[in-house]
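Taken together, the values in this text are just the output of simple stated rules run on the coordinates, not laboratory data. Quick caveat, the model's predicted, so the values are computed rather than measured. Every residue, glycine among them, receives a Cβ derived from its backbone with ideal geometry; neighbour counts consider all protein chains shown.
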Amino acid sequence: MLLSWLSGRARLYPFEVRIIEAVGAGLRRDSQYRLQRQAEAINYIQRLADGREVNLYRMRRGRAVFDDDLRFPAAADEALLATAALSEPAGRVSFGVEVWLAKGRLFSLEFS
């Protein structure tokens, strides 16, 4: 469900959607719900450093907005939510990814 919604509207690459889904699968049910709802709200993606950093936003009238009810209870400006190692099926290419929160909301994917 999340894969089809994000792939079409926000233009995340399929592997980026799978990263978010995999992170959600490792969370408690209430946190899974928060992450899924936050991901569904994304409507603007900013790619920096040749795609090594992917910033995720909910924009309305040119401003970033966010539903405070969906925030994770993280007081820090930035918090690392998850890390993962990825490889393509043949195993020739592998890299790491960090999934970051900003003030309790899904904010970025950072690739090594």
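Points worth noting:
- Selection of the stretch 82-112 for residues being among the β-branched types (Val, Ile, Thr) and surrounded by fewer than 17 Cβ atoms within 10 Å (Cβ to Cβ) yields THR83, VAL93.
- Scanning the stretch 50-99 for residues that are farther than 15 Å from GLN36 by Cα, more than 17 Å from the chain's Cα centre (by Cα) and part of a helix (DSSP H, G or I) yields a single hit, ASP50.
- The stretch 30-54, residues that are without any contact (Cβ under 8 Å) to a residue 40 or more places away in the chain and on the phi > 0 side of the Ramachandran plot: ALA49, ASP50
- When each of ALA22, ALA41, ALA79 is tested for being surrounded by 11 or more Cβ atoms within 10 Å (Cβ to Cβ) and under 14 Å from LEU101 (Cα atoms), the lone residue that passes is ALA79.
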